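A short write-up of the structure that comes next.
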Amino acid sequence: MRLESLPLTVDHDIPAPVLTELTALYASNHEFHALSGDFPDPDDIRPEQVAAALAEELAGPGVEVLLARSEGRVVGLVITLDRHPDPDDPDPWIGLLMVDAGAHRKGFGRRVAGLVEERFLAGGRTAVRLAVLDNNPRGLSFWTALGYEVIGHRADLQLGRPCAVLRKSLRPV
């Protein structure tokens, strides 16, 4: 598996074949989108909605959208933030990690998280944070199994949803 930056055209659009893959990835995660409310209809996620959501993410400073590819196909996506908008928060963040629902429970999420942690560590970062929606116990279980610890609770900045904030110290292996 490898991580690669989201390719964009000279007009800063997502190439059509990649957008098709990403739309399928997002659509496969109906359960998550029903919890998050990120899309008006989690049963009908459209390419233009995915493109708009990713464009909004990429508009933030220090944001990177990475595709996880295995055997040539997109099996996951991760959005990272070099730092949180809160100036008192020194750590980079994982804003979203999504794996194709058909590949859940096969180790892809764990591998993607590990690759992201390695990238942050190689960049001199010593910890990483993320937030899990309070209504997502499966997500919380996934992250705590990877060694992340709940350090607080607050509303997310995007929609004000209640979240657990998690942090993991990064150490060279």
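Percent relative contact order of segment 55-173, based on C-alpha pairs within less than 8 angstrom and at least six residues apart? Let's see the in-between values first.
Values: 185 pairs, mean separation 21.4, N = 119.
Here the relative contact order equals 18 percent.
How much length would be gained if the chain were fully extended between residue 13 and residue 122, taking 0.36 nm per residue of separation minus their Cα-Cα distance, in nm to one decimal?
Extending this stretch completely gives an extra 36.3 nm.
Would you mind telling me the share, in percent, of accessible area of the chain contributed by carbon and sulfur at probe 1.4 angstrom?
53 percent
Two decimals is fine: what is log10 I(q)/I(0) at q = 0.22, 0.28 Å⁻¹ for segment 11-72, from a Debye sum with one equal scatterer on every Cα and no solvent?
-1.01, -1.30
Where does each of 169, 36 land when they are ordered by accessible area, with a 1.4 Å probe and the largest first?
Correct descending sequence by accessible area is 169, 36.
Using only the C-alpha atoms of segment 1-41, find the volume of their convex hull and express it per residue in Å³.
In segment 1-41, the Cα hull volume divided by residue count equals 111 Å³.
How much space per residue, in cubic angstrom, does the convex hull of the C-alpha atoms of segment 53-142 take up?
122 Å³
The values are calculated or read from the model by the stated rules, or taken from the named source; none is laboratory data. Keep in mind that what you see is a predicted model, and the values were worked out from it rather than measured. Surface areas here come from the heavy atoms of the whole protein model, side chains and all, with no ligands, DNA or RNA. Shrake-Rupley method; radii C 1.70, N 1.55, O 1.52, S 1.80 Å.
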